[in-house]
Amino acid sequence: MSLSECKYAGTPQMDNRYNLHSLSTSEKYRRRPVMPLFDLSPANVPENLEVRWVPLLSLTSLRSISKVKVASFLLGLTLTLFIMASYILTWDRKGLLFTPSPFQLRPVVILTGTEALELPSEKSFIDMKLLVKSISSKLEYTPRKVPDEKDLFSVIPRQFLPGIKSPCWHEELSSNVNTDPYRRNLFTLRSKSFRAVCDYLRTHFQEHLYHRDGKQYRLRCLPYFYIIGQPKCGTTDLFHRLLLHPEVKFTTMKEPHWWTRKRFGYIRFKDGFQECFPVEDYLDLFDLAAHNIQEGLIGNSSGDPSKLQLIAGEASASTMWDNQAWSYVRGDEEEAEPPFLAQDFIHAVQPNAKIIIMLRDPVERLYSDYLYFKMANKSVEDFHQKVIESVRLFQSCLSETSLRSCVYNTSLSNAMPVRLNLGMYIVFLLDWLTVFHREQILVLRLEDYAANLRVTIKKVFNFLSVGPLSDQMEAALTKRPMSNTRRAADRSLGPMLHATRDLLREFHHPFNLKLASELDNKAKT
């Protein structure tokens with residue numbers, strides 16, 4: 001089945017319901033997930049706090065007030081009650097549920113005893129011990145069931161050419177070889193660099209064709225390895241350094257986001273469905289590498305054998321975690337956890353792929369993420385409030401459903417003002433390990449990468465089985481300035497508040513503990 005049909009091909013129950021081209025505009029909006037409402041009212045107030053509702057006005061005091069003032073008061077009271085009623089959504093056994101608004105009704109807290117000397121903080125309304133205990137208990141979950149992988153991509157063969165390190169094959173061309181092969185590529189519309197590369201590729205296209213039995217073929221290749229995540233963990237810098245190795249050929253553009261978004265027809269989910277990027281467009285991104293590899297095949301033994309050892313790579317920091325497409329493609333079905341993930345499709349076509357993951361202290365990652373993606377009105381206080389709100393939302397979700405459901409929940413992710421879930425590395429890693437073997441995945445720490453770049457880069461080279469660099473190339477690679485560093489204006493804001501850091505460290509502790517245990521255990525096996 002061609003992916004240009006833009007259908008979900010993860011299970012045998014596939015049908016035309018998932019052909020987004022056939023949906024009307026109203027149907028597309030109907031299939032979008034509905035934003036859930038979470039209970040943000042303070043929970044687990046300490047026992048020595050006396051909570052009372054302060055009356056707005058005593059009724060006995062009305063006797064000394066004029067009729068005009070009484071009428072004004074009643075009018076104001078009516079308006080107040082009307083506004084309060086607009087926030088009340090429902091009543092159940094748990095009490096009132098309110099929309100996540102900063103103006104929600106809250107009880108007046110009267111402090112007694114020694115705590116009367118302390119001001120209540122936002123953190124005091126989040127029972128972190130209870131939340132951490134809940135996270136720890138739900139980290140021990142049953143591995144998910146991997147969907148059926150049959151016939152996902154009809155244009156990609158099951159077997160690749162022998163003697164070539166990268167996964168490549170010959171694709172037969174139609175009789176009209178003079179037609180521009182890149183004229184409809186959707187990546188050219190959004191990448192000037194790739195558009196310039198296509199100009200070069202089409203000029204030299206005929207030179208790299210393979211002729212056999214009166215037919216013409218072009219060499220097609222998939223990535224030998226993927227840098228899959230995480231955001232703000234140094235993937236851009238690693239991408240640019242690996243480009244300096246003569247055996248490594250990347251896509252012309254970093255972050256194609258094809259496996260997670262564009263093949264489903266989404267560039268930014270907030271912009272809605274646009275147009276599916278077919279698999280042929282994605283393969284075009286590796287044609288420059290394919291042309292280099294083809295030079296090693298020309299004339300059989302007369303070619304350059306070293307060209308056969310070239311490897312292609314792809315780097316999209318969304319590949320590890322971004323699986324929001326399932327909630328849009330299958331928005332009319334209520335499923336607690338995603339039925340398919342990006343790694344299912346990658347493994348289906350390329351079970352021997354090598355995966356590189358760059359991680360970082362999740363507390364610092366989140367702050368860096370906030371500074372990079374928020375464009376205005378940034379401050380450490382604003383970050384603190386956004387962290388508080390995100391933790392509350394996650395806590396509310398976790399009280400109702402599984403950990404994986406909350407980590408992958410699209411509506412929850414859209415509701416959280418900071419991307420808290422991206423730092424829950426262990427959940428994503430365990431799901432990648434359900435389809436790929438541990439030896440196929442290299443996990444790096446940004447802290448180690450920054451502290452000893454030379455050692456870490458050699459570890460990557462060994463993992464990819466590429467030759468050592470010359471002294472001159474190694475010097476150029478290690479002396480290259482760091483890429484995508486923090487902007488000067490963001491550096492001026494300074495570090496996050498101590499209270500924010502303490503809260504986030506406590507929140508991430510069970511995730512980090514499980515991650516350390518998993519990586520250590522796997523290293524010993």
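The values are calculated or read from the model by the stated rules, or taken from the named source; none is laboratory data. On a predicted model such as this, the values are computed, not experimentally measured, just so you know. Here Cβ is always computed from backbone atoms with ideal geometry, including for glycine, and neighbour counts include all displayed protein chains. Ligands, DNA and RNA are stripped out before the accessible areas are found, and what is left, the full protein with its side chains, is counted by its heavy atoms. Shrake-Rupley method; radii C 1.70, N 1.55, O 1.52, S 1.80 Å.
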**Request:** Report yes if residue 368 is modelled with pLDDT of 95 or more and among the polar types (S, T, N, Q), otherwise no.
**Result:** yes
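From 443, 466, which residue is part of a loop (DSSP other than H, G, I, E, B) and either β-branched (Val, Ile, Thr) or open to solvent by less than 10 Å² (accessible area, probe 1.4 Å) (or both)? Lay out the reasoning, then the answer.
Values: 443 fails: part of a loop (DSSP other than H, G, I, E, B).
The unique qualifying residue is 466.
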**Message:** I'd like the full set of residues that are open to solvent by 80 Å² or more (accessible area, probe 1.4 Å) and farther than 16 Å from residue 418 by Cβ, limited to segment 503-518.
**Reply:** 509, 513
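For residue 455, are the conditions met, namely being of a type in the set (Val, Ile, Thr), touching a residue at least 60 places away in the same chain (Cβ under 8 Å) and more than 17 Å from residue 143 (Cβ to Cβ)? Before you say what the answer is, go through the steps one by one.
On the way: of a type in the set (Val, Ile, Thr): yes; touching a residue at least 60 places away in the same chain (Cβ under 8 Å): no; more than 17 Å from residue 143 (Cβ to Cβ): yes.
No.
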**Asked** Does segment 391-410 contain any residue that is crowded, with 21+ Cβ neighbours inside 10 Å, within 16 Å of the chain's Cα centre (by Cα), in a helix (DSSP H, G or I) and without any contact (Cβ under 8 Å) to a residue 40 or more places away in the chain?
**Response** yes
**Request:** Answer with yes or no whether residue 287 is within 22 Å of residue 171 (Cα to Cα), open to solvent by less than 10 Å² (accessible area, probe 1.4 Å) and among the charged types (D, E, K, R).
**Result:** yes
**Prompt:** What are the pairs, 6+ residues apart or on separate chains, where a residue within segment 251-268 that is free of Cβ contacts under 8 Å to residues at least 12 places away in the same chain has its Cβ under 6 Å from a residue that is part of a loop (DSSP other than H, G, I, E, B) and open to solvent by less than 40 Å² (accessible area, probe 1.4 Å)?
**Reply:** none
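Would you mind stating whether residue 286 is under 28 Å from the mean Cα position of the chain (by Cα), farther than 30 Å from residue 414 by Cβ, modelled with pLDDT of 90 or more and among the aromatic types (Phe, Trp, Tyr)?
Working: under 28 Å from the mean Cα position of the chain (by Cα): yes; farther than 30 Å from residue 414 by Cβ: yes; modelled with pLDDT of 90 or more: yes; among the aromatic types (Phe, Trp, Tyr): yes.
Judged against the criteria, residue 286 is a match.
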**Selection count, segment 295-312, where residues are crowded, with 23+ Cβ neighbours inside 10 Å and part of a helix (DSSP H, G or I)** = 0
**Message:** If I ask for residues that are open to solvent by 30 Å² or more (accessible area, probe 1.4 Å), charged (D, E, K, R) and either without any contact (Cβ under 8 Å) to a residue 60 or more places away in the chain or part of a helix (DSSP H, G or I) (or both), which ones from segment 368-390 would you list?
**Reply:** 374, 381, 382, 386, 389
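Restricting to segment 205-230, name every residue that is more than 31 Å from the chain's Cα centre (by Cα) and farther than 18 Å from residue 174 by Cα. Please lay out each step first, then the result.
Step one: list which residues in segment 205-230 are more than 31 Å from the chain's Cα centre (by Cα), which gives 205-219.
Result: no residue meets the conditions.
Out of all the residues in segment 196-229, which are among the basic types (Lys, Arg) and farther than 29 Å from residue 355 by Cβ?
Hits for segment 196-229 are 202, 212, 215.
Test residue 436 against the stated conditions and say whether it is farther than 23 Å from residue 136 by Cβ, open to solvent by less than 10 Å² (accessible area, probe 1.4 Å) and not hydroxyl-bearing (Ser, Thr, Tyr). Write out each step before concluding.
Details: farther than 23 Å from residue 136 by Cβ: yes; open to solvent by less than 10 Å² (accessible area, probe 1.4 Å): yes; not hydroxyl-bearing (Ser, Thr, Tyr): yes.
Yes; evaluated as a whole, the condition is true for this residue.
Does residue 265 satisfy being out of contact with any Lys or Arg (no Cβ under 8 Å at 6 or more places or on another chain) and on the phi > 0 side of the Ramachandran plot?
Answer is yes for this residue.
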**Message:** Condition first: aromatic (Phe, Trp, Tyr) and under 19 Å from residue 464 (Cα atoms). Now tell me which residues in segment 412-453 satisfy that.
**Reply:** 432, 436, 449
**Asked** Before we move on, is residue 473 more than 23 Å from residue 132 (Cα to Cα), touching a helix residue (DSSP H, G or I) at 6+ places or on another chain (Cβ under 9 Å), open to solvent by 60 Å² or more (accessible area, probe 1.4 Å) and hydrophobic (A, V, I, L, M, F, W, C)?
**Response** no
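Filter segment 466-488 for residues that are hydroxyl-bearing (Ser, Thr, Tyr) and within 28 Å of the chain's Cα centre (by Cα) and give the result.
As a first pass, look at segment 466-488 and keep what is hydroxyl-bearing (Ser, Thr, Tyr): 470, 478, 483, 485.
The answer is 483, 485.
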**Message:** Cβ-Cβ distance below 6 Å, separation of 6 or more or different chains: which pairs start in segment 460-488 with a residue that is within 19 Å of residue 444 (Cα to Cα) and end on one that is of a type in the set (Ser, Thr, Tyr) and at pLDDT 90 or above?
**Reply:** 483/236; 484/236
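Within segment 489-525, which residues are within 25 Å of the chain's Cα centre (by Cα) and among the polar types (S, T, N, Q)?
Within segment 489-525, the subset within 25 Å of the chain's Cα centre (by Cα) is 490-491, 495-496, 500-520, 522.
Hits for segment 489-525 are 500, 512, 517.
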